[in-house]
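Worksheet: the structure to be examined is printed underneath.
The values are calculated or read from the model by the stated rules, or taken from the named source; none is laboratory data. The model shown is predicted, which means the values in this text are computed figures rather than measured ones. Please note: Cβ atoms are built from the backbone with ideal geometry, for glycine as well, and neighbour counts cover all protein chains shown.
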Amino acid sequence: MAKISICLLFSIVLLMPVALLADDTYPTFTGTQTGPNEWTYTLMYAPLVNYSIFTPDTTITLTGLYGVTDATGPTSTTFPLPDTWISGINLDWSPAVLDGGTEVVWTHVGPGTGNFGNDIYVYGFTIDASGAVNGTVSLATSGFSRDTNLALPDGTYNLDITGTTDGPVGPVPEPSGLLLLGTGLAGIAGVVRKKLLG
């Protein structure tokens, strides 16, 4: 009986790292419009996602935005209490509004933490954009990775993502507005043609 218990324990210890390495879940950054001029985002990272392990900082970048006037960092996390130190580290994201309000970059300097037994959420990244409507914007991250002792099956560590999420985009002209614009342009073209021929 003791031999079976030792073999079972040995098997569990050997297979545990393999089970951990099989989890190839990447972080996500999802947004939704929460008010007429406001979009709110949530960062989720899976149990083995870390950041700023191999780089001095980590960034989350949204591009293709319209009219952004302000952005803020996150407001809360789901890190287990009473570990307010870890929660505080993960709230330390600095936003920058760039390129005339068409890009927002959140930057975290120094290592973030991962390797928890469940998904961790960082809530409350926000963007304010006057005159924008909800649409699809581009998303890219840099600096997310596995920890130094937990490489992916291909031997790399990178867990950065690119994709899309909801965000503020320019309003699409209404069909009646386009018709009015087209009629005006046709009228101008007619006047110019008449002056050139006559």
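Structure notes:
- Candidates Ala96, Ala46, filtered to the one that is touching a Phe, Trp or Tyr at 6+ places or on another chain (Cβ under 9 Å) and under 17 Å from Tyr123 (Cα atoms): Ala46
- Residue, nearest to Asp166 (Cα to Cα), within the range 108-155, restricted to residues that are outside any strand (DSSP E or B) and among the β-branched types (Val, Ile, Thr): Thr113
- Qualifying residue in the range 37-56 (condition: among the acidic types (Asp, Glu), at pLDDT below 85 and within 26 Å of Leu139 (Cβ to Cβ)): no
- Evaluation of Val109 against the conditions (1) farther than 19 Å from Leu43 by Cα; (2) at pLDDT below 95 shows that the sole unmet condition is (1).
- Taken together, the criteria exclude Ile12 from residues that are modelled with pLDDT under 60, out of contact with any Pro (no Cβ under 6 Å at 6 or more places or on another chain) and over 25 Å from Leu152 (Cβ atoms).
- Among the residues listed as Asn118, Asn158, the single one being of a type outside the set (Gly, Ala, Ser), modelled with pLDDT under 90 and out of contact with any helix residue (DSSP H, G or I) (no Cβ under 9 Å at 6 or more places or on another chain): Asn118
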